[in-house]
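Comments concern the structure below.
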Amino acid sequence: MMSRPVRRGWGAILLAFLLSGGIAPDAGAQRVPISIDDYHGYTGTQEYLQQIARAYRGITELIEIGESNMGRKISVLVISNMETGTTIDAHVELRNMRRENVQNVTPMKPYQGKPGQWIDGGTHGNEYTGTEVCLYIIDKLVTGYGSDSQITDLIDNCVFYICPIVNPDGVYNSVEVGIPQRQNSMMIDDDDDGAINEDGPDDLNGDGKLTSFRYPDPEGQYVIDDEDPRLMVRLGRNEETTKQRYSVIREDRDNDGDGRRGEDGERGIDVNRNFPEGWYGDDNEQRGSGYYAASAPESRAILEFFTNHTNILHAQSFHTSGGFTYRPFARWPDSRIANKDLAVYDLIMGKKYCQLLGVEYPEEWDVEAAGGAGAGAGQRAVGARRTTGQAPARPTGQVPTRPTGQFPARQQAGARQAGARGVSVGSSAYEMPRQWRHPYNDSSDRPYGYGIFIDWAYGQYGAYSMTTELWNRSVDFPGMPEFNTADARIDQERWILQYQDDNFGGRFFMPWTRYRHPDLGQGELGGWIAPYSASNNAFPGEALRHVCDVHWQFELWKATLLPRVVITDVSAEVLYETGSASAGEVTYSGDTATIRRGERMGGVKVVLVKATIENQGQLATHIAEGARLAGNRQDAVWLLGDRDRTTYLQGGVWQRLGTIDGALAIPGFPSAGGAGAGGAERAQMMANLPPGIPPEMLQQFMQSMGMSDEPAAAGNVREVEWLVAIEGNVPLKVIVTSQKGGTQVRDVPIR
Ligand SMILES: [Zn+2]
């Protein structure tokens, strides 16, 4: 059902020209054309993803993360330079207490060591605009690689996980079949009659399209529009009319004779109510949430993917409609969110979102960072010298219990003093714009929903998650005038129908034709052909392009905020060197032990290694709760050598770095403490001494290092040190590994 632009002639001519060596193919050329003149649906999306994966092998990987109940694929397109990046497991061999070189652990992909951004659509099957936005973003990313320096840099150093259709059955039914279906297809007995899927919508006249049925009805709420008799005008409550009243229903009949139409189709679980944060199973309160959290194959696939891909800091979920974005928690009030995250969400991301949409945001959001804040570029903090294995003196990434910035809180009936010090953030402190929302209803203390994906992604996984309800037809139609009369709504519908006539030759609207309904008698079939109606989804063509482009801009900007942890400097100084040493080997045969002298290994060196680690990205390496969430960890830096010939005298094989701030100043917040303070563990170190080194010399080295407790490091820079004894010429390397900030390795030059 897709209608794509057909490339005639020119494609072949251009290709021949390229093959003749006329010009070199541009790295960023569009190898797979994308159309915004129709919805891709499930089938078109799968085709597009496969074409993209074939055409851009070096920067994409198409993976199947699960399968729907009806056997359709849940696909994620990974976009990242597949030649770059590394993960900690590529450098630290896996081992456990009993067994060396543990086998059968799936190695991480190099892109799992890069900062990640998740983007999805089609969680609700009838909200397929999000799928188109995902495909548009894919097109912009892959075609921008090699031609746009910013996009190239992001694909080299970060990773995008794009899942255009979370709910393949719902999207398939909504787009290809024309039955709008929000839920997945769990084939549940919705009407408790012992039968499954026996009363869904029906294509009554067998024309392959689902439209509407209108029939004269004295109780009906509709009349035919005077200006455009194709349109049905809904009467106001108690509105009188002398015209013929009509009822308008979906093209459907009562298949199971229970007096209801379309009450038991394929639909099953609302995937976006099935996540294990604030999940609630009472169908009266939260309909369709499933028998238990993660009981839907779709939510389970996403949970498993996130659990295996711990590098995601941004998680965007595209829904429809309304033209706004909402952030966590849908289930909980803002008091559940760390103030620092609220500042990142509202004052940074919300502000940018409003700017992109060209709408106003609260003036309280225009605030600078607190004095000396933000770990600005160039500001360096010296990292504490620490030893491994020691618990931090206080939790890292500590959430400020009280904000410390300086913008006046909104006056609230005397509840707050205007001009008082202290930033007040969150939906109780300022009026949220219509386009950027906290969906929890603070005034009535009422959740927006239960078991919502973004609540889980933020609250349990630790990503800046948000949902966008794409498409507001009053503002997103290019060229639509503002209608201000009492008839504004019907004026708008007339305009849209005319727009469809002019731009799509009327093919999205079926003329009304007489039809005798088996249950309701004589009437007419016609009206908007599902899935086109402009009500819940962006209209194809320029309107859809406009929506796609705004949200591509927002996602691109979000990607530029990702943390980037890099090793900016590594040095090694040999402080002491013994004479020579030899390797030895002991073998046993019965009662006899044989000691064999091995090759000469050269001396034992005591080396002072220093490394400087910097988060050159904008955001910190975790959300405020970050490293303390189960499954999350602090950033760490490793010094690796041959483990049998390297002894750590000070600074263990790995050292904690806490959560490293980004370069971006968070309004109202000074840079938070990062690494935990640590002290020397002399006794442990002394016990680890290699043979052959005079103890008094080691003592001297340790004292020269100043091994007392030091204050926690702050800002976006960490300086770490190790004192190691190495036998022979063991090569050393430093590896910094941040769950969401990236993994990097540098060789240590030993002179
Ligand atoms: Zn939705």
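Here are a few things to note about the model shown:
- Candidate cross-link partners of LYS243 among the aspartates and glutamates, defined by an alpha-carbon separation under 13 Å and a same-chain spacing of 8 or more, comprise ASP217, GLU219, ASP225, ASP226.
- Fully extending the segment from ARG31 to GLU573 would add 190.0 nm, taking 0.36 nm per residue of separation and subtracting the current Cα-Cα distance.
- With the cut-off at under 17 Å, measuring from each backbone N in region 639-659 to a point 7 Å along the Cα-to-Cβ line of GLU585 picks out 644-645.
- The residues VAL78, VAL92, VAL142, VAL271, when put in order of fewest to most other Cβ atoms within 10 Å, stand as VAL92, VAL78, VAL142, VAL271.
- Cut-off 19 Å (backbone N to label point 7 Å along Cα→Cβ of ARG434), residues of region 339-361: 350-361
- Put a dot 7 Å past the Cα of ALA488, heading toward its Cβ, do the same for GLU93, and the two dots end up 7.1 nm apart.
- Per-residue extension of 0.36 nm, minus the Cα-Cα distance of GLU47 and GLU198, leaves a gain of 51.3 nm for this segment.
- Packing-based order for 237-246, 152-161, using average beta carbon neighbours within 10 Å, highest first: 152-161, 237-246
- Cα-projected label distance for ASP258 with SER295, points at 7 Å along beta-carbon direction, nm: 1.8 nm
- 10 Å binning of all Cα-Cα separations within region 143-182, expressed as whole percents from 0 upward: 28, 26, 16, 28, 2
- Rounded to whole numbers, the Karplus 3J(HN,Hα) couplings from phi for region 446-463 are 10, x, 7, x, 10, x, 7, 4, 5, 5, 5, 5, 7, x, 10, 9, x, 10 Hz, using 6.51 cos²θ - 1.76 cosθ + 1.60 with θ = phi - 60°, and x at Gly and Pro.
- Remark: spin-label model distance ARG746-ASP442 equals 4.5 nm, labels positioned 7 Å along the Cα→Cβ axis.
- Förster-model FRET efficiency, 25 Å R0, ARG545 and ALA55, C-beta, rounded to 0.05: 0.70
- The value obtained for region 215-359, namely the Cα convex hull volume divided by the number of residues, is 232 Å³ per residue.
- Stretched out straight at 0.36 nm per residue, the stretch from VAL105 to LEU235 would grow longer than its current Cα-Cα span by 40.4 nm.
- Rg of the Cα atoms in region 133-288, relative to 2.2 N^0.38 Å, amounts to 1.49.
- A simple packing score, the average count of other Cβ atoms within 10 Å per residue, orders the peptides 253-266, 634-647 as 634-647, 253-266, with the highest score first.
Bear in mind that the values in this text are calculations on the coordinates, not laboratory data. This is a predicted model, so every value here is computed, not measured. A quick note on method: Cβ atoms are made from the backbone with ideal geometry, for glycine too, and the neighbour counts reach across all protein chains shown.
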